[in-house]
Each structure stands twice: as C-alpha cells, then as structure tokens.
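Colleague: Quick one: this structure, given as structure tokens, is what I'll be asking you about.
Nothing in this text is a laboratory measurement; each read-out follows from the coordinates by a stated rule. For clarity, every value in this text was computed on a predicted model and none was experimentally measured. Glycine gets a Cβ as well: all are built from the backbone with ideal geometry, and neighbour counts include every protein chain shown.
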Protein chains: 4
Amino acid sequence: MYNLALLGAGRIGQIHANSVSLNPDCHLKYVVDMNETVAHDTAKKFSSQVASVDEVLNDPDIHAVLICTITSTHADLIERSAKAGKAIFCEKPVDLSIERVNACLQVVEETGVPLMMGFNRRFDPNFAHLKSVLDSGEIGDIELVTISSRDPQAPPASYIESSGGMFRDMTIHDFDVARWLLAEEPISLYATASALTSDHVKTSGDVDTAIITLTCASGKMAVITNSRRASYGYDQRVEVHASGGMLTVNNVSESTLSIATEKGMMSQKPMAFFLERYAAAYRQELEVFIDGLITGVENYPVGEDGRKALLMANAACESIATGKVIELSL
Amino acid sequence: MYNLALLGAGRIGQIHANSVSLNPDCHLKYVVDMNETVAHDTAKKFSSQVASVDEVLNDPDIHAVLICTITSTHADLIERSAKAGKAIFCEKPVDLSIERVNACLQVVEETGVPLMMGFNRRFDPNFAHLKSVLDSGEIGDIELVTISSRDPQAPPASYIESSGGMFRDMTIHDFDVARWLLAEEPISLYATASALTSDHVKTSGDVDTAIITLTCASGKMAVITNSRRASYGYDQRVEVHASGGMLTVNNVSESTLSIATEKGMMSQKPMAFFLERYAAAYRQELEVFIDGLITGVENYPVGEDGRKALLMANAACESIATGKVIELSL
Amino acid sequence: MYNLALLGAGRIGQIHANSVSLNPDCHLKYVVDMNETVAHDTAKKFSSQVASVDEVLNDPDIHAVLICTITSTHADLIERSAKAGKAIFCEKPVDLSIERVNACLQVVEETGVPLMMGFNRRFDPNFAHLKSVLDSGEIGDIELVTISSRDPQAPPASYIESSGGMFRDMTIHDFDVARWLLAEEPISLYATASALTSDHVKTSGDVDTAIITLTCASGKMAVITNSRRASYGYDQRVEVHASGGMLTVNNVSESTLSIATEKGMMSQKPMAFFLERYAAAYRQELEVFIDGLITGVENYPVGEDGRKALLMANAACESIATGKVIELSL
Amino acid sequence: MYNLALLGAGRIGQIHANSVSLNPDCHLKYVVDMNETVAHDTAKKFSSQVASVDEVLNDPDIHAVLICTITSTHADLIERSAKAGKAIFCEKPVDLSIERVNACLQVVEETGVPLMMGFNRRFDPNFAHLKSVLDSGEIGDIELVTISSRDPQAPPASYIESSGGMFRDMTIHDFDVARWLLAEEPISLYATASALTSDHVKTSGDVDTAIITLTCASGKMAVITNSRRASYGYDQRVEVHASGGMLTVNNVSESTLSIATEKGMMSQKPMAFFLERYAAAYRQELEVFIDGLITGVENYPVGEDGRKALLMANAACESIATGKVIELSL
C-alpha cells in the first residue's frame, strides 16, 4: 500500500484525490489546504487526515505528494518534497521563471526523487491512441503536426494577471503535446498573436488568439492554433500528416445524438471544458504516476519536459514582442 | 450516330433530353409533347424537330424512344413503339394494372425490342458503389438490407389520386432497390402503414408512413421504412448487414460546410429532392441505355423488373388491407 | 446511509457492487454468491461481509437487494425479498415463463416493495439525451422508430440453450426501448427471423437475425433489426422519425482517432460490447435506483415493464412459428 | 450570342471549352493549339474552327479569349488580347516574374478590358457556401483562418523545374483563398518549409511541405499547411474561427459509402485531384466570367488578385531563404 498526500485541495486536487481513492494499491493519507473547511471536508471524503506540509514531509510512511497548489508555491514545495525524499506529482508549471525552474530541477536531480509533471493530455485516450499508431510506424514518418487548442472562453482578468500570459498558461500544454508527437526537439519558433476576444484580455496586455509554428532540424514541423474563446466549446484536436497518411483526433461530443430538422443536421458540441474532456486523462495520469511508484519506471513527462515547454512559451512571448523568429535550444 | 425521340417533355423528359444531348453518339431527333409551346421550346434547345408519335414511329432512322409521358399512356406507347421496332426507355411504371402490364410485356417480348425501365436509383453512384462492393464478395453474404426512403413532403391531393397510392408511386423504387441488392426474390411481404403527415393524404385513402418487411427463402431479409414527409429533406439511405460487415450509403449533403456555434455543430441537409440527389443517376442511366443500343447488352432493369416491383406494391396494399403477411411469387 | 446486498457476484454483479461503492449514501453490506472464493474476494474489495440469502433478508438494516444471479433464480429471490420488505433491483428477466412472472409480480404488488428491472439502455446517456429531446416536444410527434441492435458475436450453444431464445434474451432490451420511446403500447407485432450466423444457432433451434415490426393504435410504428453477429462490433443505434425531424443516436466509438491512408478514411469501431458501451448506463441505473430508495420516486422500469417486454418476446416467437402477425394486449 | 476563343487546348483548356459549350449564350468559335491534331479534334468536338492567335484577335466577332497555354506565354497573350480589345480569362499565373506581371497589368489597365484570373477555388460550391455564411455576418468577425491544401503526389522533376517552385505553383491558390476569406490584406508573412516527400523535389531545390502564417493589421490571422504528397488523396479543407463560431469545409468524398468491418469503419477518400474536386468550380467560374461579359459586372478575381498572390508567393520564398518574417505591402 502506498501512502500519498494531497497538497492543495482545489478543483484539480479533488480530481487527483478521487483517482487515488480508486486505486486499490494507494491510500490518500493526508490532505493539506490553507482553507480549513476544504481540508476537513476533503479529508473526510477520502478517509484521510488533515495535516500541514511539515507533517506530511516528516512522515516516513508517505511515499509521494501531489502538488496541486497555486503556481507560485510549486517550486518551493517541489524542493522541500524532494529533500524529504518523496516522489512528486506536480501540476504544471514548475514556476513561471525559468531561473527558478532551473534551480528547482537541480534540487530534484540531486535528490533523485521522481518528479512527474501534470501534462494530462498525453494521457487522453484519443491522443494516446494516435501516439500509439505513430509509434507503431504504420503511418510512416511524421511531417507536419497541427494542434487546435481553444478554450470555451477567456478567463477573468484576475486569473490572466497571475497566469504568466496565454503562452505560459494555456499553450504550454500544446507545446508539450507538440514535443511529444514530433519526437524531435524544435529548433525554431515563430508566433503571431492578437487580443480579439474581449477587452479585458487586451487591457491586461495578454493575447487570446495565436498561431505558433515550430520547425525541427529534420524538416518536420508543427503548427498550433489557439483561441481563448470558442463559442462552440472546448476545442482540442490534433492532426498528424505523415508519409503514409494522416491521423486525426477529433473532439469528444457530449453525446452521439444528432437532430435533423429543416434547419440542418445538428450534432452535439464538444465536451464543455477540460474537466469533462480530460476526465479519463486525469484518471490515467495518476495511474501512470502510481505505476511509477510501484515499478520504478517513469513513463511520464518529467521536470525537464516542464522546463522545455516553458522555454517554448518564453520564446513565443519573445517572438510576439520582437516580431521575429526565435531560435530554440532545448 | 443513334437517333432518339423524346415522348413527353416534362420535368423528367427535359433531364433525359439533356443527357442525350451530352452523348456524342446520339442525336435527339424528335420531341413529342401535347403542349405545343413546350414541344417547340424543347426541340429548339436540343436542335430537334417537333413531331407526332406516328411520325416518330414511322421514321426508320429512329433507333429508340424515351417514354416520359404520364403513367396512363405508358403501356400503349410501349406497345406501339415495340411494334415499330424501336428500343424503349420508359419511366416507371409500365402501368398501375398488373393485367395491363402483363399484356404489354407480352407484346414487348414478341417483338424482341429492348425495354429499359427507369429505376434510376440503381445508377446513383453511391448505391452503385455499394452494389459493386457487395458483388465483389469482400463483405461476405448479405443477411439484412435496410432501406430508408423518405420524401421531403407529401404530394398534393391531385397527384395522390392518380398515383396508385404510395406503394405503387414511391415505394416501387424501394422494392426495386431491395430486389437488386438482395439478389434473390423475396417470398413474403408484410407492410404496416399510417397516414400521419397531413389530412389530405388520409382523406384520399392513401398512407404516408410505412414499414415493409421482405423475407427470402434463404433467410435473407429486407426492411423498407417510408415517409412522405421528412422535414430535413430527401432522405435516401441504404444499409446492408452482411456476414463480413456492414455497408452504408448515407445521404449526399448540399455542401460539406459545417457550422459550429454555441447551439451545436450544424452540417448541411441532404440534397433537396430527387432531381438534385439523383442528377448523376439520371445521366448514368441514359448512358447505360445508350450503351445498350450500341453493344446490344442490356445491363439494366427491364420490363420484368417493373412488373415484379408492381407485384410487390400490390402485395403491400393487400397486406395493409388485410393486416396479414402476403406470399409473393416473383 | 442505505445498506444493500448483492445477490450474485458475477460479471454484472461486480459492476453494480462497484456502482454502490461509489455512491456516498450507500454501503454494500453483504455479498452472496454460491462460489465461496468469489463471494469472499468481492466482499473484501467492497468492505462487505459474505452472507447467505437468509441472513440478508433477515437483517432489518438491509434496505435493498440487487439480484444478479442466474435467470432461473430471479422469481424466487424477488418473492422472498419482497416478502422480507426489501426494495429490489433485478436484472432482466423476471422469468422466462409468463405465468411465473405474473405470479411473482402479484407478490411484489401485494408487498408494495419497489422493484426496478435492469433495462440499462434507458440510462445510456445518448439514448437518454434522445428521449429528453423527444419529451421536450421540440421535434414534434413520433412517427417511426428504428432500433438497430446487434451483438458482436453469437453466444455459445450452452448459453443459447438456457437463454429462452434470442427474442427473450437479447431483443427483450429492444422491446423495452421501443415501448419507452413510442410512449404508447403497440397493438400488433410481426417478426421474421433466420439462423444465418453460425451452425450452432441453427442446431439449437434459435434464430440470430431478425426484423420485428410494431404498430400502435395511433399509427405510430417501430422496427427492430437484430443480429447476433456484427463483425464491426456492438451495434446499438436508434433513429426516431418525427413530424418535426429525425433524431439519431449513433454508436460510441472506441476513440475519436481517424486514420487516412491510400486505402481510405478509417475511423474507430463501436465500443466492443455491453460492458463498455453501457458502462455509464450501468452507473446511472444504480444511481436512479438508489435515488428511488431515498426519495420514494420510482423513476425507472418496473416489473410491469419486464412483463410486457416478455409478452412481446413471446409474441415474436409466435410470429416466427406461425408466419403470422400477432395481436398484442399490453 | 457571345463568341469565345480557346488559346491552348490542353487538359484545363478542354474543361473550359466544355463549359462554354454548355452555356446557351456562348459559342466557342475558335480553338488555337500548337499541336494540330489536338486543335482539330477539339474544334470538331465543339463545332469550332482551328485558328491562329492572330486570326482570333483580328476577328471583330470574338468577344473573349480563354488563355490556357503554358505559363510563359500568358503575359504576352494577355497584352495582345487586351490591345485587341478582347475580354480575357487567364489561368494563373500572369507570369512568374513580378516585373513582367506589373507591366502586363499596366497594359490591361490602359486598354480597360476585363481580365479574370482562374482562381477556381473561389467558385467551389463548398468554399462559396462558407464565404456566403461569413459575408452574412451570422458567425461574427473572422479571427483565424486555417487552410489545409495538399496534393496527392509531388509532380515530376520536369514540371517542378518550370513551375516557379511550390509557393508560386501550388500555394498561390491558397494565398488567394486566404486573401478572399480574410477580406483584409495581410501585412506580414512567415514560412517554414522542407523537402520531405521525394528526392527529386529536394534535388530540384524546391520544397514540398510548408506552413505559412499570415497576419493582418487588425489582428486577424491565417495559416496555410501544404504538402505535395497526401497518400489519402487531394486534401482541400478550410476552417474559419470567428467570434461567433467556426466554419469548416471538409473534403468531398468519392462516394457516401462506408464499410464497417472488424478492421474499423472505412469511409471513402477525398476526390482524387483537382479535376474531380473542382469540376463544379470550373463550370461555375466560366459561368461567372460569361455573366461578366453579359452584365459588365466583374464579380471575380482580377489581374490585381493574381499580382498580390504572386507577391505573397515571392515573400514566402524570401522567408524560406532568410529564415525571417517578411513584411507585405499588398
């Protein structure tokens, strides 16, 4: 039996706590949250105890921590957990500052603890199916990857201001997916972006609509299109053009009902947002993390993947600021 | 060069005249129509001459006639044309009376002229594609055929009254498709039907909604669902369940445009009605008829196919009237 | 907290036990199974106790039983549980004999306990979505329901022999769906059927391929097409033609991946079989049963629904045996 | 009756000649082709006369010429035809040299003759449908246009060498579609490209795979993905993300047949290449040109559209050569 502790019992923390509770080899021993009510309610729900970070890290029975707190606390918690010898699952990003990320990952490396970054999309059954067909070789060599990634609506100004901007907050997932699918590091990046969806995005100096192009040394390439507002719902698609054909992952619909009337043939919208679309992915990523605890095999995105995705986000920001193509050294 | 004559220059006659004009081996020499203006305009359009039926049949240069007049004239025109030694293309049906059909086909047989019945659906590129895959054997043996055939809206009362009823007017096409796909004569038929779409259908004693089940001696079966009113347009689909899988022909959409909004994902309706959906089929059936003139190979539905489809329509009427399953001897 | 007992811990019993364990208002107190190992393993997994039927029924703390044993034991267990005052969830059917069903439901009625029949398809999110649109009235009046229901492959001879035949074993679900969607009792039934998929079906005197037509007094109608073997997987679709349009529920695919190659555009097969396709339905039906325990509202199929579906299955058998249309009095 | 002359009776010339023959207001009076046999056969087919360019341009009865010769002759023929006062339909491009294009269009402007450029995709019924919905305003303001444009296979080395390269030969159509849909001139362009499909493309110094990003002053943007080799056929899709939703035009399939087997659900490939996919577009563009002759309204792409698309192709070449973002002044 593996004992885990949840650090941060917000929306995503609840999801991971539930995943732990469904795994017969694990027990969620502790719940840590600044909000006492939330901490107690969550602990009760999962037969856990409320604890402080120190209590968690000092308990030798704890095998792993799940860091689901706000971004600004991630790096500190990773370092402390690493020094305490705990395996770590951390929601992206490690930090918004690349210097801080570098320092933090240095600590992780020195301690040798496993660190899984929560790039959930790799565990979406549809994307994973696509990846497995790519890896099988049956579709030949990858040539061009197209990622469409669009949120249903722009977050409020308060969120945007602490988010690090769209590239570090939202596109960072797409950067990870692009690296994962290309299976080769891109060497240059070009981004163009606008603030088109709402005044508050523009006012906060952020963007909400973008095209980012990535080029690899071999000639493979990828393009990401982003929007913070898709009126038809959460739009998460991938297309891979390869020498032997094309693989496409389309959205998952709310149901398979279609309605034919004199107005046309109406089918259902994509699942509303990430909690719905990626429910299975969240389950699966925790399974893979737990499997890593048991087997010692880290078959998942690690700290270095988080660092590289952040470097790409930084490059996208620089590309927008300068209007130039940015070289990448990943 | 083959010389043809058009008997009846109405809506469907115009389509066939145009098909003839596009065939480099044919000339539409004559146009016959009771309406002089229509006859002259049509003749002018296709560089033809206006003529009477007698003039057409007495002209030894005429190889074939296209009978596109009203149903009640078909049998007479077939007999006269046959006796004049002309090859015949005739819109369905030969006649609404099976006795009259039998007598007429007897004449055709005695004269030995080719008679093609205008069961256009066999020449729809989509249905023809399905049939070719069936015939290739790659999908195994046919087990269950499902035909969905629904008009956009019920015809006016005046049309219904001279139509012979839905089974002889509309379902007759489906009976032909069923026979063609099953490749085995059904031995029993059961129909249930209602008048649901409009008062005038009910008043005229006809039906507008039906399910017809056909069973073959081998155990193969087929089901036809009909409606005279499909608010979303002309609905013409076929599904064949076979030992090795399932073949489906879906509708042809007006365009491939889809519109995603907060209301849902809207794609286009099926093509509006038979002139649009079966435009390519009408072209192709005339090509096959003309090809038959040239090669002598009658690779198309003949009088006997018309007769059998009418027998099935009659059986459907009897099934409705009696509430019983009807044995077929086709 | 509601205490439930599982009677029969086979494949479907495990699913329901798991659903109970996920409901915060319920506890699976007992597991009953003839196989001691299965009983103990299941009890351990869900923190339950192994017990006998008597122990379960004599425990005043037990609110409800889940009958998931073999068919031949259903009626007895229902009667005993009803007499013990327990609410009952029972997998279909009550019994294969209509006389036994009538007697059993008489006991249930006298005791006044709730009895939910496990017609899971009503709780499939896709079918439920279709039903909700129908009930909203936005698509007008129902005219013609088409149910396609096809298993991936015929069960073994041993299963067929105790199954009561395809109509009572498999089509019974479709009869329930038809009644549920039509929202009007059919007054006549016609079935045609064959044994086409395998020798052992034929040998056991059963059928594997069928078309069943249902007609209501109002003129509404429904058609069910069945096969015991669909090479492309579990095929579960519904189409409702109504005065204002058409509703269609298509299959749920294994993933949204499509693969375009020189061979064509390949998308994924339907989910493999009922455990996959109806996973959400099984969860939801238990939720509704539990909700009924809490609220006293029986918003689910009851014993009478099971009885009527069996009457329809019997009528289908009679129709096949006699070749005639059968009148229904439901 | 309008008299037209065909200059160049190759593959695309035949298509336009046929379109003229189907228009009741037009006569194809002359056919000009260096190959005498081709000229005579074509003239015979369309009841035309073989002629020289001089004879065509000196005939006062000729209203318009259709320039379908090889690219290197376009500019000269445009100038001569313009000076002869003939309306001109010309296949793209005017010329591969922007200086030559400028000089040529200067002549056209001075003579005041209509000049339509054969950007056929604007007349594809599917793209035209998308454009009409955009223009209706019902989907709000355009934000991001995605154009997928992929040929089935790379042309032979001989073709590539005289083509001006992929951007001027193939992408030029996509540049026109992008300008047409954006309805605003892009102000910058970035292209990344590789030679991945075949050795001979690489050897000839051309590219076959590319991503091109366009940005407008308002913040609207577009991305084009190209490949010279799509194993699944001619891939021509457009997606427009707008404030009120998303419009998508998908490929047109060879038929609506789908085949479900144990391998998966196979639907048909896109129509094979431009002659099939754009057959209706070719018909329609000639109709619009002829309509322009009759009404004097030039509702079509003109010389300036050809010039701007070439400027974009040149910018793409420069972007590849320099690795930089290129400013556009269109």
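Colleague: Can I get the semi-axes of segment D:171-283's equivalent ellipsoid? Compute them from the C-alpha gyration tensor as square roots of 5 times the eigenvalues, in angstrom, largest first.
Modeller: Working from the Cα gyration tensor, I get semi-axes of 28, 22, 14 Å.
Colleague: Which shape class, rounded, prolate or oblate, goes with segment A:46-90 when its Cα gyration tensor gives a ≥ b ≥ c as root eigenvalues, a/c under 1.5 marks rounded, and past that a/b bigger than b/c marks prolate?
Modeller: oblate
Colleague: Quantify how much of the Cα-Cα distance distribution of segment D:243-290 extends past 17 Å, in percent.
Modeller: Cα-Cα pairs in segment D:243-290 separated by more than 17 Å: 58 percent.
Colleague: Mean projection of the alpha-carbon convex hull of segment C:130-327 over all orientations, in nm²?
Modeller: Seen from a random direction, the Cα hull of segment C:130-327 projects 13.7 nm² on average.
Colleague: Label points 7 Å out from Cα along the Cβ direction at C:L275 and B:K263: separation in nm?
Modeller: My value for the distance between the label points is 4.3 nm.
Colleague: Next question. Please compute the volume of the convex hull spanned by the alpha-carbon atoms of chain B and report it per residue in Å³.
Modeller: 157
Colleague: Summarise the partner chain shielding of D:269-279 as one whole number: the mean count of Cβ atoms from other chains within 10 Å of each residue's Cβ.
Modeller: 1
Colleague: If you don't mind, there's one more thing I want to ask. As an exercise, find the ratio Rg/Rh for segment A:199-245 from alpha-carbon atoms, using the Kirkwood inverse-distance average for Rh.
Modeller: Ratio of gyration radius to Kirkwood radius: 1.11.
Colleague: Order of A:L214, B:L134, A:L28 from fewest to most other C-beta atoms within 10 Å?
Modeller: Fewest-to-most Cβ neighbours within 10 Å comes out as B:L134, A:L28, A:L214.
Colleague: Now a separate question. Counting only DSSP beta bridges with both residues in chain D, what percent are antiparallel, rounded to the nearest 5?
Modeller: Roughly 55 percent of the beta bridges in chain D run antiparallel, per DSSP.
Colleague: For segment C:119-220, what are Rg and Dmax over the alpha carbons, in angstrom?
Modeller: Just the Cα atoms of segment C:119-220 yield Rg and Dmax of 15.6, 48 Å.
Colleague: Can you tell me the relative contact order of chain D? Whole percent, Cα pairs under 8 Å, sequence separation 6 or more.
Modeller: The normalised contact order for chain D reaches 19 percent.
Colleague: For a Förster distance of 51 Å, can you work out the FRET efficiency between the beta-carbons of B:D291 and C:A183, rounded to the nearest 0.05?
Modeller: Computed FRET efficiency for B:D291 and C:A183: 0.45.
Colleague: Using Cβ contacts closer than 10 Å as the measure, can you line up A:F274, A:F123 from fewest to most?
Modeller: Fewest-to-most Cβ neighbours within 10 Å comes out as A:F274, A:F123.
Colleague: Next up: Dipole of segment D:99-156, Cα-centred, from +1 at each Lys and Arg C-beta and -1 at each Asp and Glu C-beta, to the nearest 20 debye?
Modeller: 280
Colleague: A further question follows. Principal axis extents for segment C:260-330, Cα atoms only, whole Å, descending order, please.
Modeller: 55, 48, 14
Colleague: Fewest to most neighbouring Cβ within 10 Å: what's the order for C:S158, A:S163, C:S48, A:S267?
Modeller: C:S158, A:S163, A:S267, C:S48
Colleague: May I pose another question? I'd like the mean, over residues of A:121-131, of how many other protein chain beta carbons sit within 10 Å of each residue's own Cβ.
Modeller: Counting other chains' Cβ atoms within 10 Å and averaging over A:121-131 gives 3.
Colleague: Rounded to whole angstrom, how close does the nearest chain C beta-carbon get to the axis mapping C onto D, and which residue is it?
Modeller: C:M266, 3
Colleague: Considering only the other residues whose Cβ falls under 10 Å of the Cβ of B:L4, what net charge follows from Lys and Arg at +1 and Asp and Glu at -1?
Modeller: Once all neighbours under 10 Å are counted, the net charge is +2.
Colleague: Okay, moving on. When Lys and Arg each count +1 and Asp and Glu each count -1, what net charge do the other residues less than 14 Å away from B:S162, Cβ to Cβ, add up to?
Modeller: With Lys, Arg at +1 and Asp, Glu at -1, the net is -3.
Colleague: Nm distances between the label at B:S158 and the same-position labels in the remaining copies, 7 Å along Cα→Cβ, shortest first?
Modeller: Relative to the other copies, B:S158 has label-point distances of 6.4, 7.0, 7.1 nm.
Colleague: Take the alpha carbon atoms of segment C:1-129, find their radius of gyration, then divide it by 2.2 N^0.38 Å using N residues; give the quotient.
Modeller: Its radius of gyration relative to the 2.2 N^0.38 Å reference: 1.02.
Colleague: Follow-up question, since we're still on this one. State the answer as a single residue: which of C:G137, C:V113, C:N102 lies farthest towards the positive end of the charge dipole of segment C:96-137, with beta carbon charges of +1 for Lys and Arg and -1 for Asp and Glu, about the Cα centre.
Modeller: C:G137
Colleague: Turning to a different aspect of this structure: Alpha carbon centre of segment D:191-237 versus segment A:281-299: separation in Å?
Modeller: When both Cα centres are located, 39 Å separates them.
Colleague: Determine, for each peptide in B:65-71, B:96-102, the mean count of other beta carbons within 10 angstrom over its residues, then list the peptides with the highest first.
Modeller: Ranked from most to least packed, the peptides come out as B:65-71, B:96-102.
Colleague: Please get the size of the charge dipole for segment B:121-327, origin at its Cα centre, with Cβ charges of +1 on Lys and Arg and -1 on Asp and Glu, quoted in debye to the nearest 20.
Modeller: About 460 debye.
Colleague: Kindly identify segment A:1-57 as rounded, prolate or oblate by the Cα gyration tensor criterion: order the square roots of the eigenvalues as a ≥ b ≥ c, call it rounded if a/c is under 1.5, otherwise compare a/b with b/c, prolate if a/b is larger, else oblate.
Modeller: oblate
Colleague: Provide, in order from the shortest bin, the percent of all Cα-Cα pairs of segment C:163-217 in each 10 Å bin, continuing until the bin that contains the maximum pair distance.
Modeller: 22, 48, 24, 7
Colleague: Projecting each Cα onto the charge dipole of segment C:164-292 (Lys/Arg +1, Asp/Glu -1 at the beta carbon, about the Cα centre), which of C:S243, C:S188, C:T209 comes out farthest on the positive side?
Modeller: C:T209
Colleague: If you don't mind, there's one more thing I want to ask. At each listed q (0.05, 0.06, 0.09 Å⁻¹), what is the log10 of I(q)/I(0) that the Debye formula gives for the protein assembly as shown modelled as equal alpha-carbon point scatterers?
Modeller: Calculated log10 I(q)/I(0) at the listed q: -0.45, -0.65, -1.30.
Colleague: Then there is this: Count, for each residue of A:136-147, the Cβ atoms from other chains sitting within 10 Å of its Cβ, then give me the mean as a whole number.
Modeller: Mean number of neighbouring Cβ atoms from other chains: 3.
Colleague: Give me the percent relative contact order of segment D:2-113, please, defined on Cα pairs under 8 angstrom at least 6 residues apart.
Modeller: 25
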